[in-house]
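Scroll down for the structure; my scribbles are underneath it.
FYI, it's all coordinate maths here, none of it is from the lab. Everything quoted here is computed from the prediction, not taken from an experiment. Glycine also receives a Cβ, built like all others from the backbone with ideal geometry; neighbour counts cover every protein chain displayed.
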């Protein structure tokens with residue numbers, strides 16, 4: 001089977017394997033993290049055709065011929081994505097293990113709703129756990145992008 | 001003197017290799033090696049404890065801590081590790097400030113047993129009070145050496161020179177030499193004496209490696225890849241102390257390249273992929289014998305009936321029994337605290353690789369030198385043959401002190417002669433990592449007719465002794481810790497037992513204040529002398545607007561304060577109770593925190609607010625459920641942690657005491673949020689809850705607003 005990962009064509013064999021395992025162990029895209037294995041923590045979030053998907057519970061067969069974006073695919077021309085930059089500016093992390101999933105969930109939210117309200121943002125991100133509790137800063141980063149007009 | 005860590009007293013090994021069963025060692029499918037592990041579990045355990053506290057003396061050579069390259073870049077070395085508390089940045093600041101270079105000029109090598117000085121481990125909030133001054137002293141000594149080098153070179157009095165921006169300057173002549181030009185990459189052969197170090201500048205330097213985190217480039221322990229690496233999994237029972245009775249590997253798949261390794265009670269598989277390793281293990285049939293034990297509802301009674309040693313008096317002053325007779329008001333309470341899990345978002349992970357010279361392991365641990373010793377013990381190696389590296393990992397919170405995952409990876413790597421990665425699943429992390437101890441605490445307090453505390457008796461069963469002593473002025477006290485057996489594996493957790501002891505103390509203070517008819521803030525101020533506790537209490541209440549509004553049905557205000565590990569904290573909390581579900585929501589938290597001179601205000605705020613957020617979980621809903629030693633909710637879908645929906649409006653006051661030495665801040669801000677929430681529920685409902693978590697399923701009908 002074929003799929004596209006960060007703009008490149010790749011082929012995969014076992015349709016039952018998780019997208020997470022394939023990305024990390026076969027492609028070496030380790031920015032996508034394992035956190036819970038049941039789609040509860042959001043650390044493994046990737047975008048599939050721009051929608052957030054929990055790669056730990058998604059079999060490869062379900063993403064055949066689709067476009068996957070991981071954290072490694074967000075930069076363009078050496079420029080950080082505005083959400084990545086906002087996370088840097090807000091210091092929106094402690095250990096940073098949840099950060100990739102958080103950023104991709106924010107990217108997807110802003111893609112659908114460029115100016116989410118506070119409640120909408122919390123709802124959209126509620127499936128992403130930051131055990132260190134950097135939640136206020138993550139919301140601050142999101143707000144800075146949604147109000148800064150930097151997001152295309 | 002640093003406090004003894006709980007895990008040393010309480011933790012039992014998760015499993016061990018058994019030497020007497022060497023004769024059954026057998027390797028199935030795929031071929032490979034037989035491995036002998038000449039070390040008993042008992043020796044491993046005592047070896048670990050010895051290793052943790054043996055404490056090789058800190059080297060006093062500058063070069064052990066700092067090196068200046070020919071390009072002027074500074075490399076600093078510390079055995080401390082980065083688990084999200086931003087110690088990498090804080091220690092970088094310490095070096096950069098004393099050496100007078102930009103933080104970006106400093107690279108901090110951390111927790112690498114081959115390159116950094118020995119360190120017991122990153123726990124007990126010791127990095128800031130002990131390691132930062134050491135790095136500063138090394139920085140000062142190096143700076144003085146550089147100035148003297150330049151002075152010799154120029155033939156001037158060193159006292160006339162100054163160091164700034166990575167250069168030594170002569171203000172008179174305008175000459176300047178970069179550090180790299182002075183040392184040419186050679187070692188600075190100085191010893192560290194009693195250097196006069198500076199207070200931190202309290203600058204909010206951004207996290208030094210944040211860019212690698214937002215791009216996904218940072219390699220956490222679970223991200224390490226090695227050429228030819230296999231993936232390992234370990235056969236697990238459902239209870240951490242279950243004993244392997246029999247195992248049958250005859251159904252192991254002949255394809256897929258998996259190697260099944262059995263050594264005593266250890267059964268694992270290594271394969272070219274995680275899924276292949278999992279498939280191989282799924283074919284193994286095993287019988288386990290699980291010891292019987294109490295459930296989560298029975299455990300508090302169990303603690304009372306199963307002492308593990310004599311009671312340890314923490315405080316005994318005056319005569320509680322006779323004071324009791326003269327009391328105006330007395331309140332007795334019986335409190336419980338549940339086992340909770342750290343849930344570091346990155347589970348335990350290790351990559352092990354055997355080389356002709358020994359063993360190299362990359363692993364997420366707060367004690368790389370301790371893990372080195374565990375590995376040396378498990379495989380009968382000299383510690384010098386074992387190299388442990390700790391890449392900045394996905395958090396710890398006191399939960400990553402042990403090296404079982406590293407041993408598992410090394411065991412499989414040895415059998416397959418290939419590097420092997422083992423990453424625990426979330427279920428393994430719940431079942432086989434250690435937990436914050438549960439506890440039973442019995443307390444009674446008495447006041448005299450003037451609203452002053454007269455007597456205080458406090459007995460903690462199993463939680464631990466941290467934070468037992470009360471900051472309140474009480475003439476008659478009896479405070480004791482009672483070690484007990486534990487049906488679950490338990491150990492350190494952020495703040496240790498200070499959370500349990502503060503929960504009970506500060507809850508009970510509110511109950512006594514209520515019985516005495518005194519406002520909770522007034523009662524505390526009346527009984528507290530410690531000016532630093534009073535200061536944070538006053539700051540938190542002022543920021544919160546304490547007393548401006550009254551609690552009532554469905555809405556309550558509570559506060560709590562305390563001190564631990566040289567830091568001081570107070571929280572004011574507003575809660576709301578949902579009339580339908582009885583769910584308690586924390587709406588607003590004001591925190592005042594003081595830890596001496598602030599190193600990095602932005603990171604301190606992040607740490608304090610994160611601790612409050614994490615503390616809300618343990619306060620309201622986190623609890624491990626179990627039947628005997630079998631945990632019945634070992635999944636994030638069944639163990640609730642705080643999420644965005646739980647985030648209150650946070651307002652944080654950082655008290656910067658630049659006149660005082662810096663204390664650590666990773667732990668103490670978690671200790672008073674639970675009693676503040678509890679006291680807010682008391683204010684709203686009149687019901688003084690006495691169990692953590694307070695309201696996992698919401699408050700009962702009688703306590704919900706109409």
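Things worth noting here:
- Cα gyration tensor, segment B:62-212 - rounded (a/c under 1.5), prolate or oblate: prolate
- Per-q log10 I(q)/I(0), chain A, q = 0.14 Å⁻¹ (Debye; single scatterer per alpha-carbon; no solvent): -0.63
- Segment B:102-120 versus segment B:420-492: alpha-carbon centroid distance in Å: 34
- Helix A:99-112 vs. chain A, principal-axis angle (Cα, 0 to 90°, nearest 10): 80
- Exposure proxy shown here: for B:493, B:639, the number of other Cβ atoms within 10 Å sets the order, fewest to most, as B:639, B:493.
- Gap separating the Cα centres of segment B:346-388 and segment B:656-674, nearest whole Å: 33
- Separation of alpha-carbon centers, segment B:581-655 and segment B:261-306, rounded to whole Å: 30
- Label-to-label distance, nm, for residues given as residue B:191 and residue B:148 (7 Å Cα→Cβ offset): 1.3
- 0 to 90° range, to nearest 10: angle between helix A:135-148 axis and chain A longest Cα axis: 80
- Fewest-first ranking of B:329, B:334, using other Cβ atoms within 10 Å as the exposure measure: B:334, B:329
- Neighbouring partner chain Cβ atoms per residue of B:637-647, average, 10 Å criterion: 6
- Value at 222 nm in deg cm²/dmol, rounded to 500, when DSSP H runs of n ≥ 4 in the protein assembly as shown each add -39,500 (n - 2.57): -8500 deg cm²/dmol
- In terms of its C-alpha gyration tensor, segment A:2-73 has a rounded overall shape, because the principal axis ratio a/c (a ≥ b ≥ c, square roots of the eigenvalues) stays below 1.5.
- For chain B, the share of alpha carbon pairs falling in successive 10 Å distance bins from zero is 3, 14, 22, 23, 19, 12, 5, 1, 0 percent.
- Order of A:71, B:631 - criterion: other Cβ atoms within 10 Å of each residue's Cβ, fewest first: B:631, A:71
- Anisotropy class of the protein assembly as shown from Cα gyration tensor, a/c 1.5 cut: rounded
- Each label point was placed 7 Å from the Cα along the Cα-to-Cβ direction; for residue A:140 and residue B:550 their separation is 3.7 nm.
- Mean shadow area of segment A:82-148, taken as a quarter of the surface of its Cα convex hull (nm²): 3.7
- If R0 equals 25 Å, the separation of the Cβ atoms of residue B:581 and residue B:632 corresponds to a calculated FRET efficiency of about 0.60.
- For segment B:214-316, the C-alpha radius of gyration divided by 2.2 N^0.38 Å, with N the number of residues, is 1.63.
- Extended-chain gain in nm, criterion 0.36 nm per residue less alpha-carbon gap, residue B:525 and residue B:319: 71.8 nm
- DSSP-defined beta bridges in segment A:2-73 - what % are antiparallel, rounded to 5: 85
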